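Since the structure comes first, as structure tokens, the remarks are kept for the end.
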Amino acid sequence: MLINQFLLLGAVLFCIGVYGVIARKNAVMVLMSIELILNAVNLNLLAFAMNMNGEGSADGHVFALYVLAIAAAEVGVGLGLVLLIYRNKRSISLDELSEMKG
Amino acid sequence: MLAAQVLVAQNIAFGLIAAMMIVGAIRVVSSNNVVHAALWLVLVLAGAAAQYLLVYAEFVAVTQVLVYVGAVMVLFLFGVMLTRARIGKENDLNNNNWAVGIPVAVVLFAAMSLALITGYRADKLPGPSAAVKVDTRLISDSIFGPYLLPFWALSFVLLVAVIGAIVLARKD
């Protein structure tokens, strides 16, 4: 297996996630796109971990696990925010949130 | 000879799973139905777990299934159910200028693939015989050894996230 096939798959997923963040208006869909981006990063970390595991360290795996934990925390807080926004505005369209516009 | 056959099987598995993941990811960002998008996301996350198995990261793969496919997807579906009275097709999921995202994503991918292809032309990953198995014992030795301080910080982040999510979502 080439290392590039994993890295290119990660790049494809990352770019699809970036497109989703830009194109989507629904806040839940934006969170899903962010999950795509985080998974692409994890795929890269694990491919590099396998590429460099000659010295017998688990650094890449530990990084991937930490990214996973941070992603879980981010989804929890993000969905809490979405519920709060929905309760206040009866909508989760991100283009209606302009309170902080200068 | 046997190792070569194993690698061929791994390459075929990689191709199939990668195609499945890319189709799923495109459906996630293009579907008009929030619940369908969440279910396509399950496919992508499960495919990612299978790819982790291909790079010998069993522990991360199992954790991915537990955390992402289990917990995070349930959270997403709860989020969809709690914020949307109606389940079905919706027409206002995209921004008005959603098409701007396509050139951005294409240019980004062109830049990244150019850098990757020129940087790692045809470098091979170490085969199954040469690879040092990173087992659960080694991972736990790393987490509770050199990475103990980040682990504590991560625990605090999770605690703060739990409390913050409760405070945010609570009805006063």
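The values are calculated or read from the model by the stated rules, or taken from the named source; none is laboratory data. Just so it is clear, the model here is predicted, and its values are computed rather than measured. Please note: Cβ atoms are built from the backbone with ideal geometry, for glycine as well, and neighbour counts cover all protein chains shown. Heavy atoms of the whole protein, side chains included, go into the accessibility calculation; ligands, DNA and RNA do not. Shrake-Rupley method; radii C 1.70, N 1.55, O 1.52, S 1.80 Å.
Please tell me if residue B:37 is closer than 19 Å to residue A:32 by Cα, buried (at least 16 other Cβ atoms within 10 Å of the Cβ) and either out of contact with any helix residue (DSSP H, G or I) (no Cβ under 9 Å at 6 or more places or on another chain) or at pLDDT below 95 (or both).
Taking the combined requirement at face value, the residue satisfies it.
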From the set of residues in the stretch A:13-52 that are at the interface with another protein chain (Cβ under 7 Å from one of its Cβ atoms) and open to solvent by 30 Å² or more (accessible area, probe 1.4 Å), which is farthest from residue B:12 (Cα to Cα)?
A:22
Members of the stretch B:4-34 found to be under 15 Å from residue A:23 (Cα atoms), open to solvent by 60 Å² or more (accessible area, probe 1.4 Å) and without any contact (Cβ under 8 Å) to a residue 24 or more places away in the chain, listed by number
B:26, B:27
So which residues in the stretch B:76-91 are without any contact (Cβ under 8 Å) to a residue 24 or more places away in the chain, under 21 Å from the mean Cα position of the chain (by Cα) and surrounded by fewer than 17 Cβ atoms within 10 Å (Cβ to Cβ)?
B:78
Taking into account only those residues within the stretch A:1-12 that are open to solvent by 20 Å² or more (accessible area, probe 1.4 Å) and within 15 Å of residue B:112 (Cα to Cα), which is farthest from the chain's Cα centre (by Cα)?
A:5
Out of B:108, B:114, B:125, I need the residue that is in contact with a Cys (Cβ under 8 Å, 6 or more places away or on another chain) and either modelled with pLDDT of 90 or more or not assigned by TED's automatic domain parsing to the domain that holds residue B:50 (or both). Which one?
B:108
Tabulated pairs, the stretch B:92-113, first farther than 16 Å from residue A:33 by Cβ, second in a loop (DSSP other than H, G, I, E, B) and open to solvent by less than 50 Å² (accessible area, probe 1.4 Å), C-beta under 8 angstrom, 6+ apart or interchain:
B:92/A:25
